[in-house]
Each structure stands twice: as C-alpha cells, then as structure tokens.
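One structure is given below, encoded as structure tokens.
Please treat every number below as a calculation from the coordinates, not as lab data. Predicted model only: the values in this text are computed from it and were never measured. All Cβ positions, glycine included, derive from the backbone under ideal geometry; neighbour counts span all protein chains shown.
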C-alpha cells in the first residue's frame, strides 16, 4: 500500500484568458519511509504540489489518495482534522506560534489532541538540541534553533507524512546540512515520510528520491 | 481559552490598551448613570416614598402638580378606606432665617395623620400650629430652629428633619394643611389644595374639571424631568454602542496583523472554530477586566464626591449596564469572525 498516491492532479489558477496551469497531470506515488526531494525553478509549481499533497488546498481535477483513501474531495473541516492528526508541516518562514514559548507550542497540541503523543516533546527537543531553549519565545531564538523547534513541532505526534517547504532557506550552509541530515535520520529511524521542497543541491543529496518540476510537469 | 490567555500575556501592552479603553468607557457610563439617577431621584424622592397609586389634579394644569388647584368643596366623593386617600397642597417656597442665606424649597401642605407624612430622620411630627418638618437638603438647619417662609412675618419652628425628600430637585418643607392654607390664602380654613393622592382601594369618579394621573405619569411630567432622563439615556446608550465599535476595530486590526500566524495554525490543522473561540474568550476577558476596573473606580468616585453633587448608585442599573457592556464587547469581537474564517492555511506558505 502506497502511503500517498496522486492521479492526474491538475491545478489551475484564475479564470478565462487569465487562467494558468500550475500543475499539469501529475502522477506520483510515495512509499512509507521515503525522504523525497522536490526541486525545480521558481514558478514551476513545486510548492503548489506540496500544498495539494498536504491538503492545504484541493486540486482542480485529479485524485489524491492517502493510505488508499481518497482525500481530494474532503471538506475544509475534514482536511483540517487530517492535517492536525496525520501530517506535519515545516515551513519556510517558521510554523511556530509567536506568542507561545517553545514548550507551549507542544502544550497547545496536547490540549487539542485527545490521545497522548507517542513521543515526548522533551525527547524531540533534546534530540534536536533545543531543549535548553524550551522557555523562550520563537523571536528570541536563532534561525537555526527556530527551524529545529519547527521540525520538532512537525514531528510531534508522529505524523505519517511531513511536508517541508524550503526548510533550510533561512539557514547558513552548515546549519542547512545539519537540518537535512536530521530529516534524513528521522525517515530512517521512525519510518516517517518526508516530502521536501528545496532549491539547495547539497540538501537534496540527503534525499532518497528527487523529482524535478518544470512548468507544472514532474520529470 | 489557552490560546486567548497566552496571547494576552505575550502582548500585554496591546491588550492593556484595549482594557484601558473599555475601562474608560465603563467608568464614564457608571459616572453618567450615577449622575442621572441621582438627579432623577432629586426630582421624585418625596413622591416615591408615598407608595401611592395615583393623583387627581385639575384638568387645566397640563399634568403639572404645581399648576393645579382644586376647590375642596367641589371634590367628588371618594370610595374606599379613609386611610387610602389624602389631600396635598404644594407650592414653591423660599426658606430664610437670620444668619442663613435664602434657599429654595418645595412646600408640601399635608395632614400628618395621613399616609403622605414623611419618614423622619430626627425629631417628631408637628402637633401645634407653625411647627414644620424640613429636609436636610436645606443647608444650616437644625431642630428647634425658627425659620421664615416666603417672606411672611410668621416664624415656623423646625420639629422634624427628613433626609432625601425632594421634589423637582428642591428639598421639601412639610407644613400642616391649615398652616399652609394660612400662609397661601390667609385663612385657617382649608379651601383649596393641589391634589388628591390615592392608594390601595381608593376610587374617585373624575369630572371634566379633574384629571387622574398615575404616579409614574406625575413624575414624568415634573418640569424638566422627562427631557433630563432622556438626555442621559441617550448618552449612555450611545456609549454602549461605541464600546462595541471600539472593541470591534481593535480586535479587527489585531486579527489582520495576525493573519500569517492564523495561517500557520490553520496549516497545522487547528480549526477555525478554535481560533474564533480564542477571540471570543479574549473579548470576554478584556470586557470583564475593563468593566471591573470601571466599577472599582466608580466606587472610589462615590467616596470622594462632595455631597452637593447629586450622585446615586443604583445597583440594578449598574448591574444591567455592566451586563450590556460585556455583551457589546463580545459583539464587537464578532466583527472579526468572518475575517478569521476566511483565513486560508495557504497564507502560511506565503503564496504558492
């Protein structure tokens, strides 16, 4: 069983003459435990593809399956629950809530989630080397620390699929490589799957598979 | 609620400003209410304590007690117990005494055996001619003091003192009907009165010369009373609406500022409902704290205000306005709901 399967996904923006096709008949199958890299020139549609896979928006046409369940037609409410329970996000800017301290980011998830998280926040933060910063607000962390907290946050609750959008864009090359290394390690150790959009060739070296987007097509 | 509190704690200054604004408006509302109620009370307190049902006055008097004059001989018969109806004579007066500046008063001529008799703070009811009861709203008066009324030579002896008995904002001076008659008409014979006051089972058939007013009608027709109450009512009502707008605008600006943050939370799968809940809790917190401060300040104000300011707190009114204020605060926050629900999780990505 494939973890996620895309069938002829099309995404169009605008209407009439202004209409542009961001994604053109994308077929893709993602197996469990893979670290997948998605690259391509800007405007090629790789972030759009990531947002559709992450159920942040629906496709114009085509089908999207998660664990053999079609999720392309879900309501926003159902998608919200799916993102909360099964997906993790590491975003370019930061996916942290600015008015919560590092440990409160995790407390918030605990309060909204019924079941106990399988892996403690302490363990995740310690593994990523930011446990000492747990009482700080995101703004007082360095870029690298913030991104590692964001990774810990995305991993919290052990989602099956983690989507990362340029997770290393705001980091220097040394930090960027460390982050990529950590992501690769996660897929090996826990069997979680990561889909990462990145420009950075060195970072992409850590991925198991690389797909290149060009003008809305996957090659 | 968790998000609501954490955010308020993190952005203390911003939320303090909102609380401060709510506080100022709440305080202003309480202050105006105290003044309005105090002033209204000064118009009617002497009438309120009768606990009567209605009055009969002249048809021509335009529902104004002071303008009414009834010929006692021409009054129709009254049905009902003797103790449930009483005669009232009333006129504006000036109190003077050696060593005292002249003061305005409202003079009531009553039968001290009837239910119109005031509640005494000190002293006793008049037993002899030229004994009177005055309200302590008159400055510099004391028991057994001799005063003059309306420039007459006659001196009256204060035997009883009331408190908070006012009509048309003037402290009331109570005379026996015979003394009133002699002062106004020069005869001990009671020939004319201003009104008949009825309570309980007392019934009267009015003629075309007479008109019957309920006590609330009578009060509403006290010159100046109606417009005054309406003016204060309008001011307070406008403030209650303004508070909704102020909170609404504040919360809306904060919401717009937080679009990216909300986007991130939406991307993580936190539902729009939870974000709206947080907003509602915040408005309740801000409202409760602001209103609480307003109440506190109002209580302090009551302590320091000079007695001359007609300021009376009515717990019922204050309670009701506090509740409305809180509701208006929440209504203000409701403006932002559609904005939050419109926030797309894609905002977190910053454009695809």
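Using R0 = 25 Å, the C-beta based FRET efficiency linking residue B:62 and residue B:208 works out to 0.95.
Quote the relative contact order of region B:77-204 in percent (integer), defining contacts as alpha-carbon pairs under 8 Å separated by 6+ residues. In percent, rounded to a whole number, it is 35. As a length-normalised measure over Cα pairs under 8 Å and 6 or more apart, the relative contact order of region B:1-153 settles at 17 percent. For region B:233-266 and region A:1-55, compute the distance between their C-alpha centroids and round to whole Å. First find each Cα centre; the distance between them is then 39 Å. Sorting the segments B:47-53, B:301-307 by their residues' average number of neighbouring beta-carbon atoms within 10 angstrom, most packed first, yields B:47-53, B:301-307.
Between residue A:209 and residue B:144, the modelled label-to-label distance comes to 11.1 nm, taking each label 7 Å out from Cα in the direction of the beta carbon. With each label modelled as a point 7 angstrom along the Cα→C-beta vector, the residue A:188-residue A:119 pair spans 1.5 nm. When each of the peptides A:7-19, B:108-120 is scored by how many other beta carbons lie within 10 Å of its residues on average, the order from highest to lowest is B:108-120, A:7-19.
The alpha-carbon atoms of region B:77-204, seen along their principal axes, cover 48, 30, 27 angstrom, with the largest extent given first. Spacing of the modelled spin labels on residue B:305 and residue A:132, each 7 Å from Cα toward Cβ, amounts to 6.1 nm.
Kindly work out what percent of the DSSP beta bridges joining two residues of region B:87-223 are antiparallel, to the nearest 5. Don't skip to the answer; put the middle values down first.
Working: 21 of 31 bridges.
That works out to approximately 70 percent antiparallel.
With neighbour counts taken as other beta-carbon atoms within 10 Å, the residues A:61, B:336 rank, fewest first, as A:61, B:336. Region A:183-219 and region B:1-74 have Cα centres lying 70 Å from one another. Considering every Cα-Cα pair within region A:88-148, what fraction, in whole percent, is farther apart than 19 Å? Result: 26 percent of Cα pairs exceed 19 Å.
Across chain A, the relative contact order, built from alpha-carbon pairs under 8 Å that are at least six residues apart, equals 31 percent. Arranged from fewest to most other beta-carbon atoms within 10 Å of their beta carbon, B:8, B:337 become B:337, B:8.
Between region B:154-171 and region B:312-347, the C-alpha centres lie 47 angstrom from each other.
Counting only other chain Cβ atoms within 10 Å of each residue's Cβ, the peptide A:81-88 averages 3.
A protection proxy built from the mean count of other Cβ atoms within 10 Å ranks the segments B:163-172, B:322-331, B:235-244, most packed first, as B:163-172, B:322-331, B:235-244.
Along the Cα-to-C-beta direction of residue B:14, a point sits 7 Å from the Cα; which residues of region B:262-284 have their amide N less than 15 Å from that point? Of the residues in region B:262-284, B:262-265, B:278-280, B:282-283 have backbone N under 15 Å from the label point off residue B:14. Compactness of the protein assembly as shown is given as radius of gyration and Dmax, 39.8, 119 Å, from Cα positions. Taking the DSSP bridge list for the protein assembly as shown and keeping only pairs wholly inside it, about 65 percent are antiparallel.
Averaged over peptide A:101-110, the number of partner chain Cβ atoms lying within 10 Å of each residue's Cβ comes to 2. In bins 10 Å wide, starting from 0, what share of all Cα pairs of region B:222-329 does each bin hold, as a percent? Reading the bins upward from 0: 12, 31, 28, 16, 9, 4, 0. Per residue of peptide A:46-59, the mean number of Cβ atoms on other chains within 10 Å of the residue Cβ is 3. Taking only the C-alpha atoms of chain B, the Rg (one decimal) and the largest Cα-Cα distance, Dmax (whole number), read 29.2, 100 Å.
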